[in-house]
Amino acid sequence: MNLRSRGRKLLVPYVTAGVSDNWLDHVHAAVDAGADAVEIGIPFSDPVIDGPVIQAASVRALERGTTPSTVARDLARYRGDVPLIAMTYYNLAHNLGLAEFADLLVSAGIAGTILPDLPIEESAPWERAAADAGLAAVLLAAPTTPDDRLAEICRRSRGFVYGMGLLGVTGERPDLATSARTMARRITAVTDLPALIGVGVSKPEHAATLATDADGVIVGTPVVRRILESDDADQVATLVAQFRTALDTAAPPTRAFAAAG
Amino acid sequence: MRVAAMGAPTEQGWFGRFGGRFVPEPIVPACLELAAAFADAWADPAFRVEFDEVLRQYTGRPSPVTECRRLSADLGVRVLVKREDLNHTGSHKINNVVGQALLARRMGKRRFLAETGAGQHGVAAATAAALFGLDCVVFMGEVDMARQRLNVGRMELLGAEVRPVTSGSRTLKDALNDALREWVATVEDTYYCLGTVAGPHPYPLMVREFQRVIGDEAHAQCQAIDATPTHVVACVGGGSNAAGIFAGFADTDAALIGVEAAGGASVSEGRPGVVHGSRSLLLQDDAGQVVEAYSISAGLDYPGIGPEHAHLAEIGRATYPTVTDAEVITAVRVLSRSEGLIPALESAHAFAYVLREAGREIPPGSTVLVNMSGRGDKDMDQILERVDGAR
């Protein structure tokens, strides 16, 4: 998974898998509106890093019978050209067996994983299983992560480093936390991997502000809230396009990107 | 044969294959800081002296061991009861909370966060927060708030803010989720006072150590009356009162028996899984989604079990049978009528096992030590609804 070579600030929207019959339409809408990758949330019963909106989407998806296997089945119809990254909780991998879970994700066309309840003390087995299967195990950093620990997270992370923009669960905030830019600067100071900031990136102007310091943003709750409000994938397309414009205005894409595009 | 058990876990908090620290990155540094602070405090004689002093002068320790003469005669086994119901606030929960409040103060934290099921841990946390001048927030499931109105009122009177949990099962499992979420958001100034031997390292170890006063006292008290328990019985939700009393008898020949609710039988029906910060035995479906437990007692409505209990089960040092709600209600009635003891519905699980198994799994002539972890006052509404002829 090589995101930086795209030559523009990276935009990674999040969609809860299985939240509706047409959930994949929302993924495609995000891709068509300028996403550089899409986070696919595989719902878990106890999502401790998620706020009320993504919790509600998870409940709805679980009530519809969503499992890692149904997500993989649905993703057979994915027609986008950007990487998909699974975001879920460790128990689903642990339950199936790490190698089996990694293989399932790869068979579904997934390129990387984000497991927010798996800190570096416990993540080595998953990092190995993911590497063996050809998956990028993305690790997370937080504003409370000390420097030496941050360096190790950045050294072991694959694909990019997920910097949490604030201390708190996923959800929309009126203002961008000051910790978000600091987080991005701290990550880029110690790694060549892209630094993506997620949690609390709620508005296009937040993304624009982060374009100075981060390599990109992850936008979850604003997308999921629209999906919960309406099955109309145009809502997601409009939102993602606004974030795309904000990022590209704040940090114009390189010539290489224009040529490739 | 004696099995070495209930020692220290590994540095990362593993009891055999169970335990660990599976929490989001924002609170990992806080868990590391807490593990170091607890180790430092627990090794500090001054901390131990203050802890003992508060337990003695404030909560009323030591709690007695009561000889149940009528029940013993009926059952043909000698029944001794460790009276944690006599603690201030009415259960064993205060032991752990006093320890953690002292630790919070030592760490310079001003805000005290807790989750609660039946409300006993919440009341204990609110009490300790009042005693030590800490701000207190307690997360409690909406379902449990309805079942335990009295405890909600007590917490509020003590100055705590009770936050209703409306997600998921709206019981202990989701109260724990919301407490963890709140801790993620406020970790810089907030101490998380987890109420049981679950969660990320160091909580399973720390809570056991703060509760081991139950077992250490009981061991000495039994010796003083020339009793050698052959069976030590306690109820298990997460498992803190059981861990506390087991700790005093792990290196004896006594059988250690943790009694689970039939609807929350993590050991007999669960599989290894990871939730709430540790790997343990967990009720879950085929895909790994955590299943909601059911029990008449809000305190045992938990789909997991503390990781050390999973380890004790795996190495065969403890067993974890189940009892039904009906057996629990019968036990409440029997204990009330034969001994004048109205146990909490949680504690009644331990008694229900003894009533059922005396003369069977528990051979005639055995000496059974039961941990009465709490008193039943909080459960009177439910008990009156269920006990025929209670009035």
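Bear in mind that the values in this text are calculations on the coordinates, not laboratory data. Keep in mind that this is a model prediction, so the values were computed, not measured. No Cβ is skipped: glycine too gets one built from the backbone with ideal geometry, and neighbour counts run over all protein chains shown.
The table below gives the values:
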quantity: Neighbour net charge for B:A41 - beta-carbon separation under 14 angstrom, K R +1, D E -1; calculated: -2
quantity: DSSP-defined antiparallel bridges as percent of all bridges, the range B:253-391, nearest 5; calculated: 60 percent
quantity: Along chain B, longest interval not containing exposed GluC sites (Glu not before Pro), exposed being DSSP loop plus at most 13 other Cβ atoms within 10 Å; calculated: B:189-391
quantity: Where Rh is the Kirkwood radius over Cα pairs, Rg/Rh for the range B:1-83; calculated: 1.15
quantity: Contact order relative to length of chain B, as percent, for alpha carbon pairs under 8 angstrom and 6 or more apart; calculated: 21 percent
quantity: The range A:6-250: relative contact order as a whole-number percent, Cα under 8 Å and 6+ apart; calculated: 22 percent
quantity: Volume in Å³ per residue [convex hull over Cα atoms, computed for the range A:179-239]; calculated: 78 Å³
quantity: Dimensionless Rg over Rh [the range A:6-250; C-alpha; Kirkwood]; calculated: 0.93
quantity: Globularity index of the range A:1-42, i.e. its alpha-carbon radius of gyration over 2.2 N^0.38 Å; calculated: 1.22
quantity: Scattering profile of the range B:164-268 at q = 0.15, 0.21, 0.23 Å⁻¹ [log10 I(q)/I(0), Debye over alpha-carbon scatterers]; calculated: -0.74, -1.11, -1.22
quantity: Per-residue Cβ neighbour rank within 10 angstrom, fewest leading, B:D144, B:D74; calculated: B:D74, B:D144
quantity: Cα-projected label distance for B:D52 with B:T324, points at 7 Å along beta-carbon direction, nm; calculated: 4.7 nm
quantity: Label-point separation, B:M107 to A:S230 (7 Å along Cα→Cβ), nm; calculated: 4.6 nm
quantity: Straight-distance crosslink candidates among lysines, where the alpha carbon sits under 24 Å from A:K9 and sequence neighbours closer than 8 are dropped; calculated: A:K203
quantity: 26 Å Cα-Cα reach of B:K93 towards lysines, excluding residues that sit fewer than 8 places from it in its own chain; calculated: B:K82, B:K109, B:K173, B:K378
quantity: Radius, Kirkwood style, for the protein assembly as shown when every pair of distinct Cα atoms is counted (Å); calculated: 25.6 Å
quantity: Rg to Rh quotient for chain B, alpha carbon positions, Kirkwood Rh; calculated: 0.94
quantity: The range B:42-139: chymotrypsin sites (Phe, Trp or Tyr not before Pro) in DSSP coil with no more than 16 other Cβ atoms inside 10 Å; calculated: B:Y58
quantity: Max mean-square fluctuation residue, GNM over chain A, Cα-Cα springs under 10 Å, options A:A93, A:A207, A:A189; calculated: A:A189
quantity: Longest exposed-site-free window of chain A, the sites being trypsin sites (Lys or Arg not before Pro) in a DSSP loop that have at most 11 other C-beta atoms within 10 Å; calculated: A:80-261
quantity: DSSP bridge orientation in the protein assembly as shown - percent antiparallel, rounded to nearest 5; calculated: 20 percent
quantity: Local net charge near B:V137, Cβ-Cβ under 11 Å (Lys/Arg +1, Asp/Glu -1); calculated: -3
quantity: Label-point separation in nm, B:T186 to B:L157, each point 7 Å along Cα→Cβ; calculated: 2.4 nm
quantity: C-alpha center-to-center spacing [the range B:192-267, the range A:121-136] in angstrom; calculated: 37 Å
quantity: Contour minus Cα-Cα distance for B:T10 and B:D377 (0.36 nm per residue); calculated: 128.1 nm
quantity: Charge context of B:G288, other residues only, Cβ under 12 angstrom, K/R +1, D/E -1; calculated: -3
quantity: Beta bridges per DSSP with both ends in the range A:14-170, % antiparallel, nearest 5; calculated: 0 percent
